[in-house]
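The values are calculated or read from the model by the stated rules, or taken from the named source; none is laboratory data. Because the structure is a prediction, the values reported are computed rather than measured. All Cβ positions, even for glycine, are placed from backbone atoms using ideal geometry, and neighbour counts span all protein chains on display.
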Amino acid sequence: MPARRKFLGSALALPIMAVMPSPAGAAATPATRELPGDRRPLPVIGLGTWRSFDVGADATARAGLGRLLGRFAELGGTVVDSSPMYGSAEAVLGDLAAERGLRPRLFLATKVWTQGRQAGIAQMEESLRRLRAPGIELMQVHNLTDWKQHLPTLRAWKAAGRIRYLGISHYSSGAYAEVAQVLRSEALDFLQINYSLAEQDSARRLLPLAAERGVAVIANRPFAEGALFDTVKGKPLPAAAADHGCRSWAQLFLRWILAHPAVTCTIPASTRLDHLEDNMAAGLGPLPDFREQKALARMAGF
């Protein structure tokens with residue numbers, strides 16, 4: 001991924017939630033947004049595990065990810081999203097969280113991704129085993145796979161206290177019509193959907209619908225698998241970006257996403273500590289609004 005050019009700057013004010021200045025030497029407090037249902041605050045920058053945590057038994061890679069996960073928690077991060085689709089990511093995440101005693105501080109999210117009710121139950125049980133958790137915060141139906149079978153199971157698990165929230169996920173605009181149908185017809189806590197400067201279509205129907213239905217939104221693919229960095233490769237970050245709280249292109253891309261009030265959090269993946277810290281800094285201070293979102297888009301050439 002291209003280098004992230006850093007500039008000093010400050011953010012403009014937006015009353016999302018109050019963010020108090022931190023004492024010298026202390027980690028700054030990340031901005032949070034409340035869930036529409038129970039008003040639980042979640043930090044606006046989370047952590048994805050697709051590709052990044054699929055390292056199997058590689059001891060060196062696991063050690064690096066352990067440091068990264070620890071730093072994520074130190075910086076106030078909580079939401080970590082995974083899936084059985086992501087190879088060994090669930091198991092690696094579960095092992096590292098247990099080894100470092102981080103489980104009580106994390107909001108773990110994963111998915112069910114198979115056909116059939118019993119197969120779904122078996123897969124979810126295996127996910128909990130890999131995550132080393134008798135229960136987790138969020139279970140999502142991955143890419144709407146057999147959602148009519150799985151949502152009743154998720155509701156039963158929620159009633160039993162095995163999960164706290166349930167939802168659906170997708171990443172392709174070709175599925176938006178079905179996503180909208182499920183949002184309208186089902187009682188959901190979360191929608192996970194792609195939303196970035198490179199993939200803006202979900203803002204036309206799905207994000208407003210989620211807000212109308214009282215559904216929290218996790219924005220996935222925030223960098224469009226790195227495509228956004230390709231669009232600005234070799235370009236210096238505009239000096240005016242500092243006025244919007246952006247010290248790097250990554251922060252500009254993330255803060256553009258967070259300018260949408262329906263977005264609860266976004267989940268960039270990281271394997272490097274400097275990239276993680278850069279991403280987390282995008283959630284510091286007052287968050288931008290739609291007016292600033294337009295300015296950020298123009299700076300990025302969109």
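For the reader, a short list of remarks on this structure follows.
- Selected residue [closer than 26 Å to Asp38 by Cα, touching a helix residue (DSSP H, G or I) at 6+ places or on another chain (Cβ under 7 Å) and buried (at least 18 other Cβ atoms within 10 Å of the Cβ)] from Thr114, Thr78: Thr78
- The residue pairs whose first member lies in the stretch 210-225 and is closer than 23 Å to Leu276 by Cα, whose second member is in a loop (DSSP other than H, G, I, E, B) and modelled with pLDDT under 95, and whose beta carbons are closer than 7 Å, counting only pairs six or more residues apart or on different chains, do not exist in this structure.
- Any hit, the stretch 55-68, residues being surrounded by fewer than 18 Cβ atoms within 10 Å (Cβ to Cβ), within 21 Å of Arg162 (Cα to Cα) and touching a residue at least 12 places away in the same chain (Cβ under 8 Å): no
- Subset of the stretch 175-209 that is hydroxyl-bearing (Ser, Thr, Tyr) and within 25 Å of Leu228 (Cα to Cα) - its residue that is surrounded by the fewest Cβ atoms within 10 Å (Cβ to Cβ): Tyr176
- A single member of Thr264, Thr271 is of a type in the set (Val, Ile, Thr) and in contact with a strand residue (DSSP E or B) (Cβ under 8 Å, 6 or more places away or on another chain), and it is Thr264.
- Just so you know, in the stretch 209-264 the residues that are polar (S, T, N, Q) and part of a helix (DSSP H, G or I) include one that is farthest from Gly48 (Cα to Cα), and it is Thr231.
- Long-range neighbours under 9 Å by Cβ, at least six apart or interchain, first residue farther than 16 Å from Thr78 by Cα and without any contact (Cβ under 8 Å) to a residue 60 or more places away in the chain within the stretch 88-103, second assigned to a helix (DSSP H, G or I) and hydrophobic (A, V, I, L, M, F, W, C): Ala91/Leu131; Val92/Ala61; Val92/Leu65
- Screening the stretch 140-174 for residues that are more than 20 Å from Met85 (Cβ to Cβ) and either of a type in the set (Gly, Ala, Ser) or within 16 Å of the chain's Cα centre (by Cα) (or both) and picking the one that is surrounded by the most Cβ atoms within 10 Å (Cβ to Cβ) gives Ala156.
- Residues of the stretch 190-202 that are more than 15 Å from the chain's Cα centre (by Cα) and either assigned to a loop (DSSP other than H, G, I, E, B) or in contact (Cβ under 8 Å) with a residue 40 or more places away in the chain (or both): Leu197, Ala198, Gln200.
- Candidates Gln140, Gln149 - the one that is in contact with a Lys or Arg (Cβ under 6 Å, 6 or more places away or on another chain) and over 28 Å from Asp58 (Cβ atoms): Gln149
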